[in-house]
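The values are calculated or read from the model by the stated rules, or taken from the named source; none is laboratory data. Please read all numbers here as calculations on a predicted model, not as lab measurements. No Cβ is skipped: glycine too gets one built from the backbone with ideal geometry, and neighbour counts run over all protein chains shown.
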Amino acid sequence: MSIVVYCRLKPTDKPYDGVELDPQDDCDILKIHTPRNTKDIVNHTREDYKFKFQKVFQRETSQDTIFNHVAKPVAESVIEGYNGTVFAYGQTGSGKTFTITGGAENYDQRGLIPRILEFLFQFYADHPDREFSTRVSYLEIYNENGYDLLGTPQQGKLKGMEDLPKINLMEGPDGDVHLNNLSQIPVETTEQALNALFVGDTNRMIAETPMNMASTRSHCIFTIYVTSRETGSSVWRKGKLHLVDLAGSERIKKTNVEGVLLTEAKYINLSLHYLEQVIVALSEKTRRHVPYRNSLLTSVLRDSLGGNCKTTMIATMSSEERNMAESISTGRFSQRVALVKNDARLNEELDPKLEIIRLKQEVTRLKAELALLSGDVDMSEPLTDEEKEALRQMVDTYVSSTAQDADLVLGDMRKIQYCFSYFKASLLLARENAGPAQGHTEDEEGTGGGDGDGDLDVSRTKYYHDEATNENITRLESLLEQRDNEIRILVAKLRRARGEGGTSDTSSSRSSTIRTPAATGPPAMTTTTRDLSPEEKKALLEQFKTESQAYPILDRTKTTLKDLYAQAQRLGQEVQEAKDIIAEIKRHMTRHQQEHLTEHIRSGLEEEDIVDPELDAMQSELQVCQTAYKSKLSKLRSLKQETEHLKHLFEKQKVAFQQEFQRWLDERPPTA
């Protein structure tokens, strides 16, 4: 199985005329024409290039289309127990991070990672007959050192990259790579997974370069571990999905960076060079040695490149004329990657504990069958109280079990007869407790009515009941996180006021490294900033809002978030009203059936011969109301996901705005 390679062209106001797309039946051909410079020189350089991709996504392609073509098939394979990898490659500023993580403008710009997380947990909800567990990890490779973006900082403080737990790479005897100190966080909901992604993104190394205002200065690998099995099965399927955002390659001669940025660029280009060496070695059939150990990046991606994995690459290209050399280089790399063969295998493991339990149950069942057939049991001897209690517990466990292969093992006819009697008594008691008025409790929750979708509606109703509780919990967690940030900032200010804080290094400030307060702590404040009164700082904040490019985006996100909350409130009321209408219709139907039951019995009509136009009309009305109820409830769930995503974006934008404002204050000239 070859690595599947896609291409995405970055939107631009000045697209180069020499880039042409030639769609084929089974692939797309990207043609690039670069005219030779023949003025006063002999130039035999190549002018025309053709690159073959599985599909080339044009500049206007949406994030949803990218997900459906590139990531969704890989995510489906991971659920079934295969390893998968999706990685983006291209020059700096070509849209790799936008494709993998997403943009910060609106909900539609979310990238592959948030969409995959939403897809996975929606798949879990749609398949209640299977058991799933999910864990996530976030690894950053910066200057050839690995760091855990989700790890606990040393000494509880996170001021810089060096405070994050450092990752040690170990190789097992079977050739598998193990990453020591890389935490794997269990997640049970989409919100928890997105929170982990938000924490990791906050700690990433980002800087401003001549080619990109927010260039990621490291390779980042977000990994999702999925374990699943059929309910009651002893076989686990384990899949692992790497989502890789590579740092952008850049030409030092073109960017003219220096200092810290120059060092970062050297390490980035070196690791990408080693990655290309691995790709070249794998694409050559006669090559036996593959230099995986040359860099940490290639060691971590060992399975993804030529190993047990279904790998997909998306090459991001700029279609501007000034970036044609880099785009051609990306195209060449993509063609080499397409030659690499992987051997994806299903990862299944037998759970020894469950297998032991299953074998013990089978032995017990066989012994019981043998005793029953041989007649060794004395049928005249009554059951003891202990035996009866054990049988009742066995029946209760059997009834409450959701396992498809649940078994009730009984040794003789006395126990079988007692269990049937207990079954009957329990059923009669349940009917007596339910009564005619409560016999339709589930139906009144907006389910039933002969539509064949009762279980689905019950789960949706439970979801609706938990909506207010979930929203309050999320709001309180967000408020608690905000208060923690405020406390950290106040503590830092207090320490600086006591003379514990140092002044900022001018050489590091020239590198324009951007780190959020959650990652590096608040920026060092000058004497001028420290002496500002609250009124002066408020006035300066208003002035900064008029000059900042980030504030309009922050304000727009805040307004959109308020609108979404209002829409959710209105939609929630509509869902409640629809549910009340369904419950009222069902009560009328039950009352109508009870009132006309005696009449139908006296007339001697069979059930299939009864014609009741009034009841038919109520059933039709019920189906219409149930359809509307399901549609509104589905919209409410989608609106909740969009609100959660925008809330994370708003927090990131707010943190970045506060840090930018602090930098602006520090750079202001001192006032008399």
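Here is how the numbers come out for the structure above:
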| item | result |
| --- | --- |
| Which numbered condition Thr97 misses (of (1) at pLDDT 90 or above; (2) outside any loop (DSSP other than H, G, I, E, B)) | (1) |
| Unique match (being out of contact with any Leu (no Cβ under 7 Å at 6 or more places or on another chain), in contact (Cβ under 8 Å) with a residue 24 or more places away in the chain and not aromatic (Phe, Trp, Tyr)) among Ser283, Ser318, Ser299 | Ser318 |
| Of residues in segment 183-210 being of a type in the set (D, E, K, R) and more than 20 Å from Pro165 (Cβ to Cβ), the one modelled with the lowest pLDDT | Glu208 |
| Boolean, Phe119 is assigned to a helix (DSSP H, G or I), hydrophobic (A, V, I, L, M, F, W, C), touching a residue at least 24 places away in the same chain (Cβ under 8 Å) and surrounded by fewer than 22 Cβ atoms within 10 Å (Cβ to Cβ) | yes |
| Any hit, segment 240-256, residues being without any contact (Cβ under 8 Å) to a residue 24 or more places away in the chain, outside any helix (DSSP H, G or I) and hydrophobic (A, V, I, L, M, F, W, C) | no |
| Residue among Lys96, Lys10, Lys14 that is crowded, with 22+ Cβ neighbours inside 10 Å and charged (D, E, K, R) | Lys96 |
| Given (1) surrounded by fewer than 24 Cβ atoms within 10 Å (Cβ to Cβ); (2) within 14 Å of the chain's Cα centre (by Cα), number of the condition Val86 does not satisfy | (1) |
| Qualifying residues in segment 587-640 (those that are modelled with pLDDT under 70 and among the aliphatic types (A, V, I, L, M)) - the one surrounded by the fewest Cβ atoms within 10 Å (Cβ to Cβ) | Val611 |
